[in-house]
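J.: Mind having a look at this structure? Questions to follow.
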Amino acid sequence: MDMAFVEVCLRMLLVFVLSWTIFHVNNRKKKKATKLADLATEERKEGGPDVIIVGAGVGGSALAYALAKDGRRVHVIERDMREPVRMMGEFMQPGGRLMLSKLGLQDCLEEIDAQKSTGIRLFKDGKETVACFPVDTNFPYEPSGRFFHNGRFVQRLRQKASSLPNVRLEEGTVRSLIEEKGVVKGVTYKNSSGEETTSFAPLTVVCDGCHSNLRRSLNDNNAEVTAYEIGYISRNCRLEQPDKLHLIMAKPSFAMLYQVSSTDVRCNFELLSKNLPSVSNGEMTSFVRNSIAPQVPLKLRKTFLKGLDEGSHIKITQAKRMPATLSRKKGVIVLGDAFNMRHPVIASGMMVLLSDILILSRLLKPLGNLGDENKVSEVMKSFYALRKPMSATVNTLGNSFWQVLIASTDEAKEAMRQGCFDYLSSGGFRTSGLMALIGGMNPRPLSLFYHLFVISLSSIGQLLSPFPTPLRVWHSLRLLDLSLKMLVPHLKAEGIGQMLSPTNAAAYRKSYMAATVV
Ligand SMILES: Cc1cc2nc3c(=O)[nH]c(=O)nc-3n(C[C@H](O)[C@H](O)[C@H](O)COP(=O)(O)OP(=O)(O)OC[C@H]3O[C@@H](n4cnc5c(N)ncnc54)[C@H](O)[C@@H]3O)c2cc1C
């Protein structure tokens, strides 16, 4: 046979096989898409949910309640309904309590043995000071925060959400988002019986926390691990001032004690390197005893060591930061730690999240159909701008405050650290202004800049005293440079324009910080 003929035949066969494969793969995709679309339509006909929420932590539960109150049918899928045991979200700032009350969820802080907090007790190099949340601001709520076991609070939120007839709270692990032409239509999940199943809704909200797997396909932001928080509980003890968060400016970073229930004190400290002493072979316990405990003031040391002596479980949690970006895909919204994180030292994650939920639920309320992708996109743009006064102020403050707290041998950096302690000790409007910012009682970026600027200036003043020498002037210039280097990346990440927009600030204050409480 002619070789050329054989070659032509083989080529034709190859083309045929390729075309057949492509045709069948496309056909299968089309069938799958039609099947998903049919399932989605069927689910809608049967009165399926308007919204799916992935995760019933602080955010998912609060959002489910807010949306269901507005008449939406909500399907919440949570992988573990047991009370979470963790070392995060244990302090609610006064601003967070205001948001909670505006959402009608203030009673979730009751019956969990939550403890009142009126401010911070700060320790540095043998000195101490107390800084309280101010009472004479325009803040329309009781100016105190609450300490509590986070898991108890989460359980209360879940109970409250599922008490509404239009909320279906189901145990299940969401595996993936179901998409059609770049629009999210629902989720696949494994239910509590271990079956793989699906749920469809016009809108899906991803609220699966700081370890979110789902967010990766939705936005480009990367979470950066900044430090490691190590903590345990000292049981059956009470701090001398249980209404204060005890913050110790230590080396390499800070240590904290606070009363999470009438009998339990949370003890924790921060390490910066990922090479942590091992918990399992006891290295961590020895490290705490030998390196951290000696820096804890004597009057607190017994309480600090009690948990260790009694073999309390030591937990390690990563502190992360991640700027917020909107989802690239339609039909889906990302919220909570999956959306935005800041260093936890000023304990504000829940406050920002509750503020986000309040803004978002109010913006979504007038929409008849949550499946209207263009309208939801418009809502998301407004949401992104409106959240800035609270989120950008708190994020910038949290990240900068943390950087200042890190101990250093650099004289300029150390002067800034001391300047921060002196500022909070100074009393009057400086202390009350900074505490109003920390407490989320006055979320104004301009006020934040003012305080950061004055802290830097007074630190420079200290550096130059008693009289300026060339070396002191040099350190002062470096301090100024350090402050800018600390601040500018955070401002860039937040978007200076939106952060400083007077329209956003005014709209936020008027709509979300006003006196009316739901
Ligand atoms: C060390 C540390 C301390 C902190 N301390 C404070 C503080 O004192 N005050 C404060 O306001 N903020 C604090 N924060 C931040 C705060 O804890 C968070 O901002 C807040 O908990 C975020 O809530 P969330 O709903 O986004 O996530 P979470 O509350 O973590 O909830 C996520 C939920 O999603 C579920 N889930 C995850 N994946 C899936 C899945 N695939 N399918 C179904 N369900 C899923 C999880 O089980 C969980 O219930 C701290 C953070 C850290 C790291």
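The values are calculated or read from the model by the stated rules, or taken from the named source; none is laboratory data. Quick caveat, the model's predicted, so the values are computed rather than measured. Cβ placement follows ideal geometry from the backbone for every residue including glycine, while neighbour counts extend to all protein chains displayed. Ligands, DNA and RNA are excluded from the accessible area calculation, which covers all protein heavy atoms including side chains. Shrake-Rupley method; radii C 1.70, N 1.55, O 1.52, S 1.80 Å.
J.: Cut-off under 16 Å on the C-alpha distance; same-chain residues fewer than 8 positions from LYS69 excluded. Which lysines are left, in chain and number order?
T.: LYS69 reaches LYS102, LYS160, LYS365.
J.: Enter the per residue convex hull volume of the range 396-513, computed from alpha-carbon coordinates, in Å³ rounded to the nearest integer.
T.: Cα convex hull per residue, to the nearest whole number: 107 Å³.
J.: What is the packing order of peptides 164-175, 502-513, taking the mean over residues of other C-beta atoms within 10 Å and listing the highest first?
T.: Per-residue mean Cβ counts within 10 Å order the peptides as 164-175, 502-513.
J.: How long is the gain from SER426 to GLU110 if the chain were fully straight, where each residue apart is worth 0.36 nm and the alpha carbon distance is subtracted?
T.: 110.3 nm
J.: Same structure, new question: Which order do the peptides 387-393, 263-269, 309-315 take when ranked by the mean count of other beta-carbon atoms within 10 Å per residue, highest first?
T.: So the order, starting with the most tightly packed, is 387-393, 263-269, 309-315.
J.: On a straight-distance basis, which aspartates and glutamates could pair with LYS388 in a cross-link, Cα separation under 14 angstrom, same-chain partners fewer than 8 positions away excluded?
T.: Cα-Cα hits under 14 Å: ASP356, GLU494.
J.: Shifting gears a bit: Can you give the net charge of the other residues whose Cβ lies under 12 Å from the Cβ of SER377, counting K and R as +1 and D and E as -1?
T.: Once positives and negatives cancel, what remains is +2.
J.: Using the Kyte-Doolittle scale, which helices in the chain average at least -0.5 and also have C-alpha atoms spread 30 Å or more along the helix axis, with helices defined as whole DSSP H runs?
T.: Answer set is 3-45, 470-494.
J.: Still on this model: Which of LYS381/LYS485; LYS274/LYS510; LYS116/LYS375 have a Cα-Cα distance over 32 Å?
T.: Those over the limit are LYS274/LYS510; LYS116/LYS375.
J.: Longer than 20 Å from Cα to Cα, which of LYS124/LYS306; LYS127/LYS251; LYS329/LYS492 are they? Say none if no pair is.
T.: From the list (LYS124/LYS306; LYS127/LYS251; LYS329/LYS492), the Cα-Cα distance tops 20 Å for LYS124/LYS306; LYS329/LYS492.
J.: Okay, helix-only estimate at 222 nm for the chain: each DSSP H run of n ≥ 4 adds -39500 (n - 2.57), divide by all residues, round to 500 deg cm²/dmol; what do you get?
T.: Calculated from helices alone, the mean residue ellipticity at 222 nm is -14500 deg cm²/dmol.
J.: A further question follows. Once you have the Cα-Cα distance between HIS211 and GLU180, take 0.36 nm times their residue separation minus that, and quote the gain in nm to one decimal.
T.: 8.6 nm
J.: Expressed as a whole number of Å, what is the distance separating the alpha-carbon centroids of the range 123-170 and the range 309-335?
T.: 18 Å
J.: What is the spin-label model distance, in nm, from LYS375 to ARG79 if the labels are put 7 Å beyond Cα along the C-beta direction?
T.: 3.4 nm
J.: How much length, in nm to one decimal, is gained on full extension between ASN138 and ASP220, taken as 0.36 nm per residue of separation minus their Cα-Cα distance?
T.: Here the segment from ASN138 to ASP220 would lengthen by 25.7 nm.
J.: Take the eigenvalues of the Cα gyration tensor for the chain, scale each by 5, and report the square roots as semi-axes in whole Å, largest first.
T.: 46, 27, 25
J.: Please name which of LEU434, CYS207, PHE449 has its Cα lying farthest along the dipole of the chain towards the positive end, using unit charges on Cβ (Lys, Arg +1; Asp, Glu -1) and the Cα centre as origin.
T.: Looking along the dipole axis, the top candidate is PHE449.
J.: On a C-alpha basis, how far is the centre of the range 465-518 from the centre of the range 219-238 in Å? Whole number, if you could?
T.: If you average the Cα positions of each part, the centres end up 25 Å apart.
J.: Restricting to Cα pairs below 8 Å that are 6+ residues apart, what does the relative contact order work out to for the range 396-513? Please round to a whole percent.
T.: Rounded, it is 30 percent for the range 396-513.
J.: Still on this structure, please answer the following. If you roll a 1.4 Å probe over the heavy atoms of the protein chains, what accessible area per residue do you get for the chain, in Å²?
T.: 45 Å²
J.: Using a Cα-Cα cut-off of under 13 Å, which aspartates and glutamates could be cross-linked to LYS320, ignoring same-chain neighbours fewer than 8 residues away?
T.: Cross-link targets: GLU224, GLU229, GLU270, ASP337.
J.: Would you work out what percent of the accessible area of the chain, with all protein chains in place, is carbon or sulfur (probe 1.4 Å)?
T.: Here it works out to 57 percent.
J.: Please state the relative contact order of the chain as a whole percent: Cα pairs under 8 Å, 6+ residues apart?
T.: The value is 17 percent.
J.: So, one more: Output the antiparallel fraction of DSSP beta bridges having both residues in the chain, as a percent to the nearest 5.
T.: 70 percent
J.: Could I ask something else about it? Got the relative contact order for the range 224-320 handy, in percent, Cα pairs under 8 Å and 6 or more residues apart?
T.: Contact order relative to length: 41 percent.
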